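See below for the structure under consideration.
The values are calculated or read from the model by the stated rules, or taken from the named source; none is laboratory data. What you see is a predicted model; the values in this text were computed from it and never measured. With ideal geometry, Cβ positions are generated from the backbone for all residues, glycine too; neighbour counts draw on all protein chains shown. Keep in mind that these areas ignore ligands, DNA and RNA; they rest on the heavy atoms of the full protein, side chains included. Shrake-Rupley method; radii C 1.70, N 1.55, O 1.52, S 1.80 Å.
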Amino acid sequence: MSEKSRVRRIVSTGLAVGSVLLATTCVVLVAGGWPLAVAAGAAGLSASGFAGTVDPKSKAAPAAFLICVAAIGLALLLHQIRA
């Protein structure tokens, strides 16, 4: 594995992990009463998409994307239940 591909994999994985953290924050903030926090989930969705662009062979990026979509759905459901 070349140095360049290793760096791409590290950056892509870091972006994927960061996007999952943003999506988790989205759910926690919505549960705490911040309905506009769904934007944090959208930012996580964008970051996971970018992670897939940085390293197209990444296995973490698609998983992070799906986790972000599920977190946004959960946050919207929590918002509807609390309303």
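What is the magnitude of the charge dipole of segment 4-83 about its Cα centre, with +1 placed on the Cβ of each Lys and Arg, -1 on the Cβ of each Asp and Glu, and no other charges, expressed in debye to the nearest 20?
400
What angle, in degrees between 0 and 90 and rounded to the nearest 10, separates the Cα long axis of helix 38-54 from the longest principal axis of the Cα atoms of the chain?
The answer is roughly 10 degrees.
Mind listing which trypsin sites (Lys or Arg not before Pro) in segment 2-83 are in a DSSP loop and have 12 or fewer other Cβ atoms within 10 Å?
Listed in order of number, the matching sites are K57, K59.
Once you list every other residue whose beta carbon is under 11 Å from the beta carbon of S2, what net charge do they have if Lys and Arg are +1 and Asp and Glu are -1?
Surrounding charge for S2 is +3.
Compute the angle between helix 3-31 and the longest alpha-carbon principal axis of the chain, please, reported from 0 to 90 degrees and rounded to the nearest 10.
0
Can you give the accessible area per residue of the chain, in Å², using a 1.4 Å probe?
Using a 1.4 Å probe on heavy atoms only, each residue of the chain averages 62 Å².
Using C-alpha positions alone, give me the convex hull volume of the chain per residue in cubic angstrom.
Cα-based convex hull of the chain, divided per residue, equals 55 Å³.
Between A16, A51, A43, find the one with the highest GNM mean-square fluctuation for the chain; connect C-alpha pairs within less than 10 Å.
A43
If I fit a long axis through the Cα atoms of helix 60-82 and take the longest principal axis of the Cα atoms of the chain, what angle between them do I get, 0 to 90°, rounded to 10?
Taking the Cα atoms of the chain, the angle to 60-82 is about 10 degrees.
Probe radius 1.4 Å, ligands and nucleic acids ignored: give me the carbon and sulfur share of the accessible area of the chain as a rounded percent.
So the carbon and sulfur contribution to the accessible surface is 73 percent.
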